[in-house]
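The values are calculated or read from the model by the stated rules, or taken from the named source; none is laboratory data. In this text, all values refer to a predicted model and were calculated from it rather than measured experimentally. Here Cβ is always computed from backbone atoms with ideal geometry, including for glycine, and neighbour counts include all displayed protein chains.
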Amino acid sequence: MRVRVAGAATAVAALALAVTACGGGEKPAAEAPGATAATSAPAKDKGNGKLVIWADPNRTKALKPFADEFGTANGVTVEVKEISKDNQQTFLTASQQGSGPDVMIGAHDWIGNLVQNGAIDTVNLTAEQKAAFSEIALKAVTYNGQIYGAPYAVENIALIRNTKLVPGAPTSMEVLIKAGKKLKDEGKVKEILCLPVTQKGDAFHVYPIFASGGGAMFGTTASGDPDPKQVLVGSEGSVAAFTKLKELGEKGEGALKTSLTNENSIPTFAGGKCAFLISGPWAMADVKKSGVSYDISPVPGFEGGKPATPFVGVQSFFLAAKGKSKALAQEFVANYVTNPDVAKALYDADPRPPALTAALEAVKATDPDAGKFMDAGKDGFPMPAIPEMAAIWEPFGIAEAAAVKGGDPEKAATAAQKAIDGSLKN
């Protein structure tokens, strides 16, 4: 599950944002399928004879057979170490102490902070390799015109619908709310919409609705990237968007509730107590296990509003700037994990659509849900990877929760803007 907190994982609506408008599964076989296709010529520079990779639990298991095969082919030892808490900060601290890995796996929105702290190097990809990735995946790992990661999975939220309760996809947020309220009035569901808000807010999940309501986090630079000098959380458009959230909230339609969280929103939908769930690929294991009839479609926007653009996150392999086997790490990241077999194994371990188009097509042949999530995010934007994004999460979340509870949207937006501006000046 993707849980967003201050500094964790949240387009830019064109990013005036734009930023107005940013899991478990089957284990790989004992031997890496098609491993020979992934193996390039053995690296000449063996570094210290060891390659250290840090990953989360699911990816650790998926990577192991490929890491072993790479080690055998290159005559080195490869260690895949499991890191399961505060991964970005753990990596940064270790990097500064000289005790970090050679390769780190993480979200693309870490990039700005990691570059600012000198923790990662650029990845050297050929034109052919770049062309093998989806456009949005490559864009996500590009920072200041340079590529800082090899993307392997793309994720965004979508609308997951109980088709037994609602056969057709709603064409607007208004249609969705009307259908959800009718089902609740008839006693068929307990919640109108399962979207995690929590007591602290959740910018990542609410962003498509906020963007459709006219909200923005940042303005844009001349090149179309989010502009940290233009924070728009307190803008007129954002106030209008927070007003929309209030109207959908606890003293309005009752569709958005702070009692709905990352822990209970998916089980509520899977239990048939809610017809609509706004979530990502990480929800599908529970949804499928429940036996609920479902379909996946884009999050609908407001009638006459802006597009409901979701944030798009990209999981990537990073090269540690202070790694002890940098040439070997470059070989592994640029020429080995860019292989579709590795991408497919990672998908099997944690089913999020592959960034490599060849791997995605292979996955879609057996799991059409992957393609539906990609379709739902095709107009989305890579989550801003600028360091300043860390200052947005908490104040935005507080403003969201306040509006949902029925507070004054303008006061909430103004307070968030003030907190963000103060944080960025320090």
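Here is the figure for segment 142-151: residues that are modelled with pLDDT under 95 and either outside the structural domain of Q89 (by TED's automatic domain parsing) or assigned to a loop (DSSP other than H, G, I, E, B) (or both) total 2. With respect to the conditions (1) buried (at least 19 other Cβ atoms within 10 Å of the Cβ); (2) at pLDDT below 95; (3) not in a helix (DSSP H, G or I), K324 falls short on a single one, namely (1).
Conditions tested, residue by residue: (1) modelled with pLDDT under 95; (2) not in a helix (DSSP H, G or I).
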site	(1), (2)
D375	yes, no
K378	yes, yes
M389	yes, no
I398	no, no
A401	no, no
G407	no, yes
K411	no, no
A415	no, no
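The lone criterion from (1) modelled with pLDDT under 95; (2) loosely packed, with under 15 Cβ neighbours inside 10 Å left unmet by A67 is number (2).
Taken together, the residues in segment 206-231 that are of a type in the set (G, A, S) and part of a strand (DSSP E or B) amount to 1. Can L159 be described as of a type in the set (A, V, I, L, M), under 24 Å from E400 (Cα atoms) and not in a helix (DSSP H, G or I)? Answer is yes for this residue.
Have a look at T268, T261, T357 and point out the one that is in contact with a Pro (Cβ under 8 Å, 6 or more places away or on another chain) and over 20 Å from N58 (Cβ atoms). Show your work before the answer.
Working: T268 fails: in contact with a Pro (Cβ under 8 Å, 6 or more places away or on another chain); T357 fails: in contact with a Pro (Cβ under 8 Å, 6 or more places away or on another chain).
The conditions single out T261.
In the set M383, M389, M374, only one residue is in contact with a His (Cβ under 8 Å, 6 or more places away or on another chain) and on the phi < 0 side of the Ramachandran plot; that residue is M383.
Take the conditions (1) within 16 Å of the chain's Cα centre (by Cα); (2) surrounded by 22 or more Cβ atoms within 10 Å (Cβ to Cβ); A403 misses just one of them, which is (1). Just one residue in the set V299, V333 is of a type in the set (V, I, T) and either out of contact with any strand residue (DSSP E or B) (no Cβ under 6 Å at 6 or more places or on another chain) or closer than 30 Å to L92 by Cβ (or both); that residue is V333.
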